[in-house]
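The values are calculated or read from the model by the stated rules, or taken from the named source; none is laboratory data. Predicted, not measured: the structure shown is a model, and the values here were computed from it. Here the Cβ positions follow ideal geometry from the backbone for every residue, glycine too, while neighbour counts run over all protein chains shown.
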Amino acid sequence: MTSTPHLALPLIAAAQAQKHVTHNEALAALDALVQLSVKERNRNAPPAAPEEGDRFLIGANATGAFAGHEGQIALFDLGLWRFFAPRPGWRAYVENEDLVVVFNGSEWKTFGAIPDEIHNLERLGLGTNADALNRLSAKLNAALFAALTVEEGGSGDLRFVLNKGAEANVLSQLYQRGFSGRAETGLIGNDDFSIRVSPDGSLWHDALVIDRRTGIASFPSGLTNVPGTNLLINAAFSVNQRRFAGGALGEGVFGFDRWRGGPGGCTVTRAADGTITLLGAIEQVIDDAQAAAEFGAANLAGATLTLSVENPSTPLPVSIGSKAATIPAGSGR
């Protein structure tokens, strides 16, 4: 045997000349490997100005003096680089990262610290056990997802992506009490967005369905406590099939859909942010069929009517049939 089995320290042979050389070589190796601490890991090229005794863990695709020594320990000793091949179980403290790594026989892995990467875990449980169905399980009081900022190397955006295999599959968030479903949102058995609720986890009622093709919302279970019936059509002046550019409207002349100049005409414009500017009178006719559909009667006699606007800049006179009122200026609705 010419060297030790673990650290490969050179042994002095019987009747060997210059025994001090072999002895000093073994001491230098001990000094390099015992209580091993390296400047950094994954270094693939020697530093420009190393200091005596500097040690590094060589990374992949090494170049220069480190070429061909990937995964080894590099020691700068007496002006030259020396290399030591690690054995399974060797540990090293990485100074610039403040962590310990261990050699597993093929690569250096983090030890006793948060690993850099975790891949292909079969199950993960936080505060509870994961199982074959719930392969990721967590029992906690709060969870936080924060966007990686530009300064940290990210974009500042945060998008939580959920994906399903086919239209007929379910992609949803399920809200439970006592592990019994009470509400669910998502793409439930199709690609329309839905909100549904349940009194017992078995019987479900669709509250809202938004058609994926049109964006039109429907309420399959109906609506209650709606604050008033909307008799006005195109109340925001957003529909403009005549391509009315805004401006003067003579009495009885239509501009925005369903709206026409009132007595004496008017000047009306709609800004991109939805703000309406009006000078003069504008009106919309509510026909008998519309009133009957909305109120179950062919006229508005005896009905309580509410008209609301948002942030009027000046007092707004309103007349409905023989009734008249003024909405005062001010912020709010």
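Points to keep in mind about this one:
- When the residues of segment 69-99 are filtered to those that are among the charged types (D, E, K, R) and not in a loop (DSSP other than H, G, I, E, B), the one that is nearest to Ala45 (Cα to Cα) is Arg82.
- Segment 159-208, residues that are among the hydroxyl-bearing types (Ser, Thr, Tyr) and in a loop (DSSP other than H, G, I, E, B): Ser198, Ser202
- Long-range neighbours under 8 Å by Cβ, at least six apart or interchain, first residue at negative phi within segment 111-134, second at pLDDT 80 or above and exposed (fewer than 10 other Cβ atoms within 10 Å of the Cβ): Leu126/Lys139; Leu126/Leu140; Thr128/Lys139
- Total residues in segment 56-75, condition over 12 Å from Val38 (Cβ atoms) and either within 41 Å of the chain's Cα centre (by Cα) or among the polar types (S, T, N, Q) (or both): 6
- Residue within segment 125-133 that is in contact with a Gly (Cβ under 9 Å, 6 or more places away or on another chain) and farther than 30 Å from Asn311 by Cβ present: yes
- Residue within segment 163-182 that is surrounded by 11 or more Cβ atoms within 10 Å (Cβ to Cβ) and at pLDDT below 95 present: no
- Against the test of being outside any loop (DSSP other than H, G, I, E, B), more than 30 Å from Leu57 (Cα to Cα) and free of Cβ contacts under 8 Å to residues at least 40 places away in the same chain, the options Ser137, Ser155 yield a single qualifying residue, Ser137.
- Scanning segment 132-152 for residues that are of a type in the set (D, E, K, R) and over 20 Å from the mean Cα position of the chain (by Cα) turns up Arg135, Lys139.
- Taken as a whole, the condition of being at pLDDT below 90, part of a loop (DSSP other than H, G, I, E, B) and surrounded by 13 or more Cβ atoms within 10 Å (Cβ to Cβ) does not apply to Glu117.
- Filtered residue count, segment 117-166, keeping only those that are polar (S, T, N, Q) and under 28 Å from Asp191 (Cα atoms): 3
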